[in-house]
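The values are calculated or read from the model by the stated rules, or taken from the named source; none is laboratory data. These figures come from a predicted structure and were not determined experimentally. Ideal geometry is used to build each Cβ from the backbone, glycine not excepted, and the neighbour counts take in all protein chains shown.
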Amino acid sequence: MNKKPLTLYRHLNKLRWVSLIIVFSMLILLPFLHMYQTFVAAHGYDLLSNADKDIYNVMATLTSPFTENPAKGLDVIKGNTWSGTFFGLQLSDPLSVVSQIAAGLTIYWPFVLTALIPVLLTLIFGRFFCGWICPATFLYELNTNLAAWAHRAGLPVGNRHFDRRLKYLILLVGLILSAITGSVLVAAIYPPAIVGRELYYGIALGGFGAGSIFFVITLLFDLLVARRGFCRYLCPGGALYSLLGHFRLVRIQRLVKTCNDCAMCNAVCEFGLDPLHDNFGQECNNCTACIAICPTDALTFEIKITDQPNQGPGHLGHLYKREQGKNSSTKQEAIK
Amino acid sequence: MKRRSFIQQVIFGTGVLAAASLPYGLSSLLSPKVQAATRSRREIPLPGALADPEEFASACIGCGLCSEVCPPHCVLFHERDGGGRVNIPYINPEERGCTLCGKCMKVCPTNALSVTAREKVTMGIAQIDRTACYPWVDRGICGACVSACPIGEKAINFKLWNQYRPVVQKGCVGCGLCVEVCPQPSLPIRIVDRSMGTITPSRI
């Protein structure tokens with residue numbers, strides 16, 4: 001009965017960082033690729049400024065192994081995590097579909113189907129987008145590290161707690177406001193959409209927009225008010241993913257026999273969940289940070305549709321031994 | 001006591017609602033609304049866009065794909081302004097015109113842009129101010145707009161008895177390439193709504 005988690009699970013957190021870095025660097029690379037495509041389409045290399053010539057040369061060397069005809073061949077990967085095309089496959093954020101339906105009050109099926117694969121993956125893996133793909137998560141987690149350094153240096157860092165149900169209300173208010181104003185308002189406050197398009201504006205269109213100011217405000221909110229506060233308490237996309245992932249199949253679960261109650265999982269959890277008391281809930285994003293930090297390999301993936309109820313203190317901890325001692329003494333008394 | 005607890009609940013509820021709408025208020029505060037009427041000449045719809053701008057704003061999710069595939073890089077966005085219309089795409093023909101390549105219609109995930117034949121695009125119609133255009137005021141020969149037009153004869157050609165005086169035809173779709181190439185600083189050619197005709201009414 002003593003199950004041991006696969007050693008692979010301990011390294012998934014590194015894989016997650018690789019995935020986040022790939023997504024974020026693609027979002028930076030794609031605007032440059034588009035500029036290169038426009039330069040190629042214009043056939044005017046000699047007319048470019050020196051900086052643009054540099055971009056042209058770098059992108060030409062980068063893409064020459066992959067495509068002969070950059071004006072067409074580079075169209076295979078376009079867009080951002082809000083909506084994009086990937087080798088002919090159109091993918092959209094489920095929130096973009098829901099908010100577009102709310103804004104237009106009509107259903108356009110080809111667009112709804114672009115969210116099918118993300119929705120299916122969310123039904124299986126829960127809120128995995130937030131931990132593994134979201135370009136804002138990359139910056140927010142770096143921000144968390146910054147906050148940790150600031151805390152170590154003795155600077156004041158916010159660690160308030162709010163009601164995490166607030167984000168569901170924000171989702172609802174956003175959809176209602178979208179329906180009233182007839183525009184996709186949720187996109188204006190949804191960090192991955194903001195990061196995706198602001199990187200494009202900043203690189204290809206020559207200036208950041210208003211969304212970047214909003215994003216900086218959320219970074220400051222995370223730093224000064226609540227750790228990872230926007231994702232935990234405010235993000236409408238996170239709310240939708242949490243609702244979809246309520247009955248997710250793949251869950252992180254605690255193995256009570258090897259747990260020693262060290263509570264490192266609770267300390268490291270970006271979303272402020274409570275793995276120590278088996279209280280994962282629908283908001284776990286399967287980021288595997290708790291598995292990576294667990295000193296006794298007491299956390300593992302299991303295929304279930306609900307969390308197991310609180311299993312009590314870990315069998316390697318002091319609390320469990322004391323209770324065992326009490327139980328055995330009461331038993332001995334009973335025998336006497 | 002009952003009344004007091006009821007009032008407390010109401011105050012709590014409104015407080016929570018205010019907290020929930022705070023991000024939206026903040027984002028609209030950061031991007032104030034700009035009057036659409038002052039900029040219609042510099043803001044024409046994309047090819048294949050839904051006819052009603054309100055409908056277009058509700059169908060567009062602001063993903064920016066149309067701009068990312070655009071070869072001439074002509075699609076711009078309401079970046080810092082627009083309130084509810086934030087990151088809605090438009091084309092400013094005075095900066096860069098559309099070449100009607102049709103990539104944006106193909107890539108758009110929603111029905112905001114739908115695939116349309118090049119002759120059936122309705123972005124507007126070019127209108128020529130005959131009191132400012134060089135050939136029309138006998139200040140030389142030009143023909144830049146005619147040579148730039150991607151549609152050709154059906155959209156814009158020269159007046160029959162006087163070469164180099166451009167006349168816009170019914171086939172014009174309003175892509176704005178003529179506006180981009182026009183050498184006259186006051187831009188006597190401009191893209192307007194189709195109902196406004198092809199000749200700017202004289203103010204004299």
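Search segment B:91-105 for residues being out of contact with any strand residue (DSSP E or B) (no Cβ under 6 Å at 6 or more places or on another chain) and not in a helix (DSSP H, G or I), and hand back the single one that is farthest from the other protein chains (Cβ to nearest Cβ).
B:GLU94
Determine, yes or no, whether A:CYS259 is part of a helix (DSSP H, G or I), farther than 25 Å from B:GLY64 by Cβ, not charged (D, E, K, R) and not assigned by TED's automatic domain parsing to the domain that holds A:THR85.
no
Read through the list (1) in a helix (DSSP H, G or I); (2) touching a residue at least 24 places away in the same chain (Cβ under 8 Å), then give the number of the only condition that A:PHE301 fails.
(1)
Determine which single condition B:CYS142 fails, assuming it passes every other condition in (1) farther than 20 Å from B:CYS74 by Cβ; (2) outside any loop (DSSP other than H, G, I, E, B).
(2) is the only condition that B:CYS142 fails.
Helices (runs of 4 or more DSSP H) wholly in segment A:1-120 with at least 3 residues that are closer than 30 Å to A:ALA289 by Cα - which ones?
A:7-42, A:94-104
Might you check whether a residue that is touching a Pro at 6+ places or on another chain (Cβ under 9 Å) and without any contact (Cβ under 8 Å) to a residue 24 or more places away in the chain occurs anywhere in segment A:186-201?
yes
For the condition surrounded by 17 or more Cβ atoms within 10 Å (Cβ to Cβ), closer than 22 Å to B:ARG41 by Cβ and not β-branched (Val, Ile, Thr), what is the one hit in B:GLY197, B:GLY124?
B:GLY124
Cβ-Cβ under 7 Å, sequence separation 6+ or interchain: first residue in segment A:3-26 and over 17 Å from A:ILE252 (Cα atoms) and polar (S, T, N, Q), partner modelled with pLDDT of 90 or more and surrounded by 12 or more Cβ atoms within 10 Å (Cβ to Cβ). Which pairs?
Sorted first by the residue in segment A:3-26, then by its partner, the pairs are A:SER19/A:TRP132; A:SER19/A:ILE133.
Just to be sure I understand, how many residues within segment A:137-180 are part of a helix (DSSP H, G or I), surrounded by 14 or more Cβ atoms within 10 Å (Cβ to Cβ), touching a residue at least 60 places away in the same chain (Cβ under 8 Å) and within 14 Å of chain B (Cβ to nearest Cβ)?
9
Would you tally the residues in segment A:203-217 being in contact (Cβ under 8 Å) with a residue 24 or more places away in the chain, more than 7 Å from chain B (Cβ to nearest Cβ) and over 18 Å from the mean Cα position of the chain (by Cα)?
2
Within segment A:127-170, which residues are under 26 Å from A:LEU243 (Cβ atoms), modelled with pLDDT under 90 and not hydrophobic (A, V, I, L, M, F, W, C)?
The answer is A:ARG160, A:HIS161, A:ASP163, A:ARG164, A:ARG165.
Scan segment A:220-231 and give yes if some residue there is within 7 Å of chain B (Cβ to nearest Cβ) and assigned to a helix (DSSP H, G or I), otherwise no.
Among the residues of segment A:220-231, not one is within 7 Å of chain B (Cβ to nearest Cβ) and assigned to a helix (DSSP H, G or I), which makes the answer no.
For segment B:117-145, how many residues meet the condition of being under 14 Å from B:GLY97 (Cα atoms) and free of Cβ contacts under 8 Å to residues at least 40 places away in the same chain?
1
Condition test on A:LEU91, is it within 11 Å of chain B (Cβ to nearest Cβ) and under 23 Å from the mean Cα position of the chain (by Cα)?
Spelling it out, A:LEU91 is indeed within 11 Å of chain B (Cβ to nearest Cβ) and under 23 Å from the mean Cα position of the chain (by Cα).
Within segment B:54-90, work out how many residues are at pLDDT 85 or above and either more than 8 Å from every other protein chain (Cβ to nearest Cβ) or in a loop (DSSP other than H, G, I, E, B) (or both).
Selection size over segment B:54-90: 16.
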